[in-house]
1. Which chymotrypsin sites (Phe, Trp or Tyr not before Pro) in segment 124-180 pass both tests, a DSSP loop state and at most 15 other beta-carbon atoms within 10 Å?
2. Report the full-extension gain for the segment R164 to L120: residue separation times 0.36 nm, less the Cα-Cα distance, to one decimal in nm.
3. By the scheme Lys and Arg +1, Asp and Glu -1, what is the net charge of all other residues having a beta-carbon under 13 Å from that of G47?
4. Can you list residues whose amide H is under 5 Å from V40's amide H, if they're 5+ apart or on another chain and H is modeled 1.01 Å from N?
5. Taking θ as phi - 60°, what are the ³J(HN,Hα) couplings along segment 80-86 by the Karplus curve (6.51, -1.76, 1.60), each to the nearest whole Hz, with x for Gly and Pro?
6. Got a sec to turn the phi values of segment 153-170 into Karplus ³J(HN,Hα) couplings, 6.51 cos²θ - 1.76 cosθ + 1.60 with θ = phi - 60°, whole Hz, x for Gly and Pro?
7. For a quick check of your reading of the filter: which trypsin sites (Lys or Arg not before Pro) in segment 61-143 sit in a DSSP loop and have no more than 11 other Cβ atoms within 10 Å?
8. Distance between the C-alpha centers of segment 66-107 and segment 112-180? Whole Å please.
Amino acid sequence: MSKIAGTAEFSQIVGNSSALESVACRQLSVVAPTDSTVLVLGETGTGKELIARAIHNISPRCGRPFAKLNCAAIPFDLLESELFGHERGAFTGAVAQRVGRFEMADTGTLFLDEIGDLPLSLQPKLLRVLQEQEFERLGSGRTRRINVRLVAATHRDLTQMVARNEFRSDLYYRLMYFQL
């Protein structure tokens, strides 16, 4: 077991490789105090969410909301509403106002798992939130300002996806500001 397992911030991360200690001890300690966007790469089941939670736990945002969303687990037609929320009557079945994950995470951290599965049509909206820290709920004309740190993760090769025009290059460069 790694020496990092003894600290509360990394309590769920277990292992004894030098690579794990490098990521957990050095890289996380460098990026956590910042508000930088972080992209965590790794195969399914390697603990990307644990890394995201550790970043949140040792950041100044600790104690504030930590919201998460698996982009691959939500049907395409509901994903925009999950991210940004919606107003009553915005679409068939929208019988009440709903707060999205960005609003839920305001002042804290939003973890978007499997960002490589985010549809191309939603990527400009995500880019706008990252650049401007503002968005509109579906069916609303009111712009909402937020203060959210984004940690994203994927098992996909985003570089290849960009080359195939399956992922926006501007979003990719915004996400990979700090890569683990």
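The values are calculated or read from the model by the stated rules, or taken from the named source; none is laboratory data. It should be emphasised that the depicted structure is a prediction, and the values quoted were computed from it without experimental measurement. Cβ sites come from the backbone with ideal geometry, for glycine too, and all protein chains shown count toward neighbours. Side chains are part of the model used for accessible areas, which takes the heavy atoms of the whole protein and leaves out ligands, DNA and RNA. Shrake-Rupley method; radii C 1.70, N 1.55, O 1.52, S 1.80 Å.
1. Y177
2. Once the chain is fully extended between R164 and L120, it gains 14.7 nm.
3. -1
4. Under 5 Å from the amide H of V40 lie the amide H atoms of A152, A153, T154, L180, each far enough along the sequence or on another chain.
5. Per residue, the Karplus-derived 3J(HN,Hα) values read 4, 5, 4, 6, 10, x, 8 Hz.
6. 9, 7, 9, 7, 8, 5, 4, 5, 5, 5, 4, 8, 6, 9, 8, 5, 5, 5
7. R88, R142
8. 15
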